[in-house]
Amino acid sequence: MRPNDPSVPVNSADSSEPPVVRIKELSKIYQQGEINVTALNRISLDIARREFLTLMGPSGSGKSTLLHIIAGVDRPTTGHCVVQGVEVTGLSESQLADWRNQNVGFVFQTFNLLPVLTAFENVELPLLLTRLTSKQRKKQVLTALELVGLADRTSHLPRQLSGGQEQRVAIARALVTDPQLIVADEPTGNLDSNSAHEVLDILRSLCSDAGKTVIMVTHDPKAAAFGSRNVHLEKGELAP
Amino acid sequence: MTIGGFILRNAVRNKRRALLSILSVAVSLFLLVTLLVGLRELTQPPSDQDSAARIVVRNKISLGNLLPRRQRTIIEKIPGVAAVTPFTWFGGKFRDEEVMFGQFAIEPKLLQTIFGEAKMPAEQFEAFVADPTSCIVGIKTAEKYGLKIGELMKIQGTFWPIDLNLKLVGIYADGIDDRNLFFHHRQLDEMPNNTGEVGTWWVKAATLEDVGPAVQAINAAFANTTAAVRAETERAFQLSFISMWGNIKMLVFSICSVVVFTLVLVSASTMSMAVRERFRELAILKAIGFQRRELFAFILAESFGLAAAGAVLGVGGAWGLFNHTDLVATASQNFLVLFEVTPRIMAQACLVATLLGIVASIAPSLSVARMSVVQGLKTLD
């Protein structure tokens, strides 16, 4: 049963296993002309399996940068980021792409579904990179859509869905390859409160029921309350 | 969903733009094919066996300078020469209009010896040989002007100072050019103040092996005379005649180049627009694991698909129009009779379309390659 009350914490993180994400002395410095802007400053952080970690902080605090580095779409200037035992900072572009396909599911604020594809096809997209047959792909896509409660919307185009439904399709797309890690960058930022609640419920159940590790960036304290642990960033550093 | 389906869906997502892109490629390739076909029509020399054994002898100075009639007996005595006929362009007006068919004075009895490919009934040929005031015309001209056997044709001289009153006694077909009119050279030989000159000599070699030596012998026979000649095979003659089209060829090639260049710009711009507007989506694809090479392949396939669709429409349309209708022949009043799209021209146009697809995808592919996922995600929709 999904917990509907944000006051019920997931708190299912498994501390007996090695962390899914281990970040050590991670820094990211952007060069803007002759000025160096430090987005992340020597951050160290462990994230356990089945943890629902929320990253909060003001704009420019480096939370999205940290999320991007963990997800393997950005590279740190210095430091280490080990995800499921793989030092992602050492992978080539091509290796990173494969690694992301198998290990990370993305959920974005603006859903980012492809408008020309149906809900089913959007969810199927990451599976086109696998060796699965069309029948196997169909089974996995339907399972993912069922998990987010949209099995009856398979043939709908994104424009025919509500914002909340679009975000649930995006979650299904993130889940369909069965990655251990789900990263969500302000997934409720464009949603009304009811839809936001539904989406957060799903993310939380992914941790509690499906054993996934979810890292979510949010500005919203109500959304953060769904997480099992909350981390604050201030000017590129972890706030005490 | 298949990768192909995904590419197709993207290619036609903006239907109006896709249609306009395809049409711009189609129209440009149609124009390119038309120019290439036109160029071929104007420059194609005959290449059958009969023509290979024919030798054309003209004044070495230029085609406009005439040759003395006395040369004929000398040429006839050269080993390997089977027959010689004078062949003089008349260039007159018929029915008061600038005619689009050639009129040539020849030696009628040698017509079938030298131009054996032209077919006509034996009685018509005999009538032509027998009557010095007669003429024959090609079937295309006969059809165009509705000419009937026995009809009188008045050709008004514009280059030669006489008018011809000819009786049509034969209609030939399957000649080198089924538009021409032939009449007795005697008409020119017997005109007042005749200086005894002919335009060119057309020679038939006894065998193909005799052609080379005969050409050399004819050239040598009149070297250092007041009327030095240039003898060459009919093919070489046609090619040298064609060389006079040099500037037109260059003009056509220039237009072709401009067409292709414009086509590349239009297509590259379209592809760049199509890719730029979905930078964010491409970043998503990268984020979920699509590699750079796969994104290249998507862009290339999309670009190539649009170019191929344009090629099918443009080249196919030209093929259908030129090879299966008489539109060009009718519109040009039978001036352009062989206006057809050959497999070679189709291949050339398809090659242009292929290169177009590749070139148009280079710039957007490079920008996608340079784009990081984070940059792409920050792109506004």
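Can you find a residue that is over 24 Å from B:Glu41 (Cα atoms) and in the same structural domain as B:Thr73 (by TED's automatic domain parsing) anywhere in region B:173-181? No, region B:173-181 contains no residue that is over 24 Å from B:Glu41 (Cα atoms) and in the same structural domain as B:Thr73 (by TED's automatic domain parsing). Residues that are more than 22 Å from B:Asp96 (Cα to Cα) and touching a helix residue (DSSP H, G or I) at 6+ places or on another chain (Cβ under 7 Å) occur in region B:129-149; there is at least one.
Just one residue in the set A:Ala71, A:Ala39, A:Ala119 is over 29 Å from B:Asn14 (Cα atoms), within 13 Å of chain B (Cβ to nearest Cβ), hydrophobic (A, V, I, L, M, F, W, C) and in contact with a Lys or Arg (Cβ under 6 Å, 6 or more places away or on another chain); that residue is A:Ala39. Please go through region A:136-165 and pick out each residue that is away from every other protein chain (no Cβ under 13 Å) and among the charged types (D, E, K, R). Residues satisfying the conditions are A:Lys139, A:Glu146, A:Asp152, A:Arg153. For region B:141-156, a residue qualifies if it is in a strand (DSSP E or B) and of a type in the set (Lys, Arg), and exactly one does: B:Lys154.
Highlighted here are the helices (runs of 4 or more DSSP H) found entirely within region A:51-163 that include at least 3 residues which are touching a strand residue (DSSP E or B) at 6+ places or on another chain (Cβ under 9 Å): A:63-71, A:93-103.
If you go through region B:94-110 and pick out every residue that is of a type outside the set (Lys, Arg) and either in contact with a helix residue (DSSP H, G or I) (Cβ under 7 Å, 6 or more places away or on another chain) or part of a loop (DSSP other than H, G, I, E, B) (or both), you end up with 8. Among the residues of region A:176-189, the ones that are within 12 Å of another protein chain (Cβ to nearest Cβ) and either in contact with a Gly (Cβ under 9 Å, 6 or more places away or on another chain) or of a type in the set (Lys, Arg) (or both) come to 4 in all.
The sole residue among A:Thr177, A:Thr133 that is among the hydroxyl-bearing types (Ser, Thr, Tyr), farther than 30 Å from B:Lys15 by Cα and in contact (Cβ under 8 Å) with a residue 12 or more places away in the chain is A:Thr177.
Residue under question is A:Thr130, and the condition is that it be over 21 Å from the mean Cα position of the chain (by Cα) and within 13 Å of another protein chain (Cβ to nearest Cβ); does it hold? Criteria not met by A:Thr130.
For region A:91-116, the tally of residues that are closer than 21 Å to A:Asn190 by Cβ, at the interface with chain B (Cβ under 8 Å from one of its Cβ atoms) and not hydrophobic (A, V, I, L, M, F, W, C) stands at 3. Among helices (runs of 4 or more DSSP H) entirely within region B:231-329, having at least 3 residues that are under 30 Å from B:Gly212 (Cα atoms) singles out B:234-243. Taking region B:186-242 as the range and being basic (Lys, Arg) and at pLDDT below 90 as the test, only B:Arg235 passes. All of B:Ala349, B:Ala309, B:Ala360 fail the test of being away from chain A (no Cβ under 14 Å), crowded, with 16+ Cβ neighbours inside 10 Å and either touching a Gly at 6+ places or on another chain (Cβ under 7 Å) or within 14 Å of B:Leu36 (Cβ to Cβ) (or both), apart from B:Ala349. When region B:266-297 is filtered for residues that are more than 13 Å from every other protein chain (Cβ to nearest Cβ) and out of contact with any helix residue (DSSP H, G or I) (no Cβ under 8 Å at 6 or more places or on another chain), only B:Ser269 remains.
The values are calculated or read from the model by the stated rules, or taken from the named source; none is laboratory data. As the structure is a computational prediction, the values presented were derived from the model and not from experiment. So basically every Cβ, Gly included, is an ideal-geometry build from the backbone, and we count neighbours across all protein chains shown.
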